[in-house]
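For reference, the structure is listed below as structure tokens.
What follows draws every value from the coordinates through simple rules; no lab data is involved. All of these numbers come straight from a predicted model, not from anything done at the bench. No Cβ is skipped: glycine too gets one built from the backbone with ideal geometry, and neighbour counts run over all protein chains shown.
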Amino acid sequence: MIERSNNTNVALEKLFEEFYNMIAEARGVPFTEKIMLDESDLVNLVEDLKNAIPREIKSATQVLEEQKNIVNKAYADADRIVQQAKNEAERILGVAQAEADAKIQQEEIVKQANAVAEEIKANALRYQEESKAAADDYALRVKQESLQYADDMLAFLGRNLQSALEGLEGNRQNINNELANVAGGNIVAPSEEEEE
């Protein structure tokens, strides 16, 4: 479960790293602090990000579904354990009662058998409660861990998407500024080195 999500996480990190590298390696616009990016490379990278993010959301959804299955299984196991404890308690009580009935003539033995049966019943009920409490604790812990993982993953996605969107908005603003300069006739002639 976590390994699959880590693979998706690695894929997202690789795409964001590729995006940052594209920005770092972009050619600068002379006499400005602006850069030029290849539109097709940028579009391809954005498409890869669009495809990777739904996979990550699906992965988080699968984690929640698996957590739900684990919780349901834990409750089913707890119910099974409780039923086994009840069955065992009834069997032991039946055996104790049969022994007590066989010795009904001896009052002291009957009293002792009843005391033993009550103690066994109390132990069985205590075991039942302890088993159910342990199963509930386990189910709650699994649920909390799964929800924390999903929350962490969505926070990671949110941070990376916000950073990418800010970078794209900055590039868009730079391009609009350049368009305004070109429209206003403020075209800077390229240097001889750039013409070569």
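In the chain, a dipole from Cβ-located charges (positive for Lys and Arg, negative for Asp and Glu) runs towards its positive end, and of GLY170, LEU147, GLN84 it is GLN84 whose Cα lies farthest in that direction.
Annotation: amide H of ILE35 within the under-5 Å range of VAL29, sequence separation 5 or more or interchain, hydrogens built in the peptide plane. Overall, the chain carries a charge dipole of about 1360 debye about its Cα centre when +1 sits on the Cβ of Lys and Arg and -1 on the Cβ of Asp and Glu, all other atoms neutral.
Which of the residue pairs LYS58/LYS143; LYS73/LYS132; LYS86/LYS143; LYS14/LYS143 have a Cα-Cα distance greater than 20 Å in the structure shown?
Beyond 20 Å: LYS86/LYS143; LYS14/LYS143.
Stretched out straight at 0.36 nm per residue, the stretch from ILE23 to GLN112 would grow longer than its current Cα-Cα span by 23.5 nm. Using alpha carbons only, how many degrees (0 to 90, rounded to 10) separate the axis of helix 107-183 from the longest principal axis of the chain? The helix 107-183 is inclined about 10 degrees to the chain. If r is the Cβ-Cβ distance from ILE92 to ALA133 and R0 is 30 Å, what FRET efficiency results, to the nearest 0.05? Given R0 = 30 Å and the Cβ-Cβ separation, E is 0.85.
Relative protection proxy for 19-30, 67-78, from highest mean packing down: 67-78, 19-30 (other beta-carbon atoms within 10 angstrom).
The simple spin-label model puts a point 7 Å past each Cα toward its Cβ; for GLU33 and LEU64 those points are separated by 4.2 nm.
Stretched out fully, how many nm does the piece from LEU154 to ASP77 gain, at 0.36 nm a residue minus the Cα gap? Computed gain between LEU154 and ASP77 is 24.6 nm. Over all pairs of different C-alpha atoms in the stretch 2-187, the reciprocal of the mean inverse distance, the Kirkwood hydrodynamic radius, equals 22.6 Å.
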